Every structure is written in structure tokens, then in C-alpha cells.
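All remarks here apply to the structure that follows.
The values are calculated or read from the model by the stated rules, or taken from the named source; none is laboratory data. Since the structure is predicted, the reported quantities are computational estimates derived from the model, not experimental observations. Heads up, the Cβs are rebuilt from the backbone with ideal geometry, glycines too, and the neighbour counts pull from every protein chain shown.
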Amino acid sequence: MLEDTGRRIKELRTEKGWTLEQLGDAVGVNKSTVRKWETGMIKNMRRDKLAMIAKALSTTPAYLMGWQEEGAGDPKREPGNMLPPERLQIHLNTVPVYDPISCGTGKWVDEQPVDYLGVPDTMVSKACHYFANPAFGDSMEPRIQNGDYVVFEQTSTIDPGSIGAFSLNGEYFCKRFKKLPDGSMWLFSENPRYEPIPIQKYDDFRVLGKYRMRMTEY
């Protein structure tokens, strides 16, 4: 995980046109320390330093750590979303992980959790219940990549236009729910190579959850 954090730091530093020394000066360390961050040699990066790096590179700690929330736009370029250092005392909420959910044409999912995922408490609400599934397939790319861990807020209702987890005739999907002016309901993919899936009047259709975020690290 820290190796990927280092890669993100290096990518943003390079985009900014900064040397190792310039980033080090911005956060109060020498260039050797920056190099160790970028190569993953330092295994326990201080949270206050992570916040300073994010500020210097005009990004967020969440992006550097590989977390992305629904509705956050481009997390690399939203310094207003940066968490202050005091909020970086990260506590993890345990979210049950179920079998992979189809980001394709449909997949059966065992309704017993197979694992648990630690989600930072800064990214979820204590008032809600959550579950997660690994994404299986490419129909929700580029937003959700095959293999991402997709976190949903448990709910039985969802607004048209929202991405969610759905059960349709016993198969499970991660799709975007749409209701057209004629009253018909559909599940749409983000990837245009996939045809929309109609929800027929007599189908067994259930909303399971609303998409909250994806996590590229586990």
C-alpha cells in the first residue's frame, strides 16, 4: 500500500515539475526522505507529514492513500477536501466483504461475508450500515475498475441516476439505476460496450445498497 502511496507522490511531484529537494523543502525534510517515501522504504509515514505532502501537491490524503469517494470529482485536484492533521488519527470501521459483485452481465453472490474490510471513519457515517464487494468485470469502468473493493451504504431505496448494488432475479449487479420518462426502469453500465438491462414488471428486483466509494487497496 505504501509503495502505491509513494508512486502517487512521485507522479504528482513530477507533474508539478518539482525536484525531490523542492518537495522536501515544502514539508520540512531532506530529499533523501522524500526518495524513501516515493520508493516505499519508509513503512510508517507520519500522518502530519502525509497532510503536509497532500497540501504541497494540491491533493488530499485520501487520494495519496488510495481512497476515493463517490461524488468527489477528481480527488487529485481538490485541496478543499484535505483532512486537517488532527483528523488524520485514522480509526477503521469494520465492513463485511461479500463475494465479487458483477460489473458485467450478472453474478451470483453468497450472502455470507467472506472477509472484512477496514474503512476509515472519516469516510463513513456511524449512523449507517455498510457492506463491500470486490468488483468483477469492466462494465463500470472507468469509475470502478475490475478488482476494486466497492463500498455500499445499505438501503432498500435509491434515487434514479445513482450507482448501487442490486439483485435482479437472483443475480447481483453494480450498475447505475435509471427511470425513464415512460416509467420503465433500467440498469446502466458506465462502459458503453454493455447494453442496458431492463427491469421488467414481474422481475424480482431489489435495491441492496447505494455506492459510497471504491478502495483500490485492501
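How many residues are surrounded by 11 or more Cβ atoms within 10 Å (Cβ to Cβ), part of a loop (DSSP other than H, G, I, E, B) and among the small types (G, A, S) when one looks only at segment 168-218? So the answer is 2.
A search for C-beta distances below 8 Å between a residue of segment 100-116 that is part of a loop (DSSP other than H, G, I, E, B) and any residue that is modelled with pLDDT of 75 or more and surrounded by fewer than 13 Cβ atoms within 10 Å (Cβ to Cβ), counting only pairs 6+ apart in sequence or on different chains, returns W108/G170. Looking across segment 162-175, just one residue is farther than 13 Å from G209 by Cβ and either of a type in the set (A, V, I, L, M) or modelled with pLDDT of 95 or more (or both), and that is L168.
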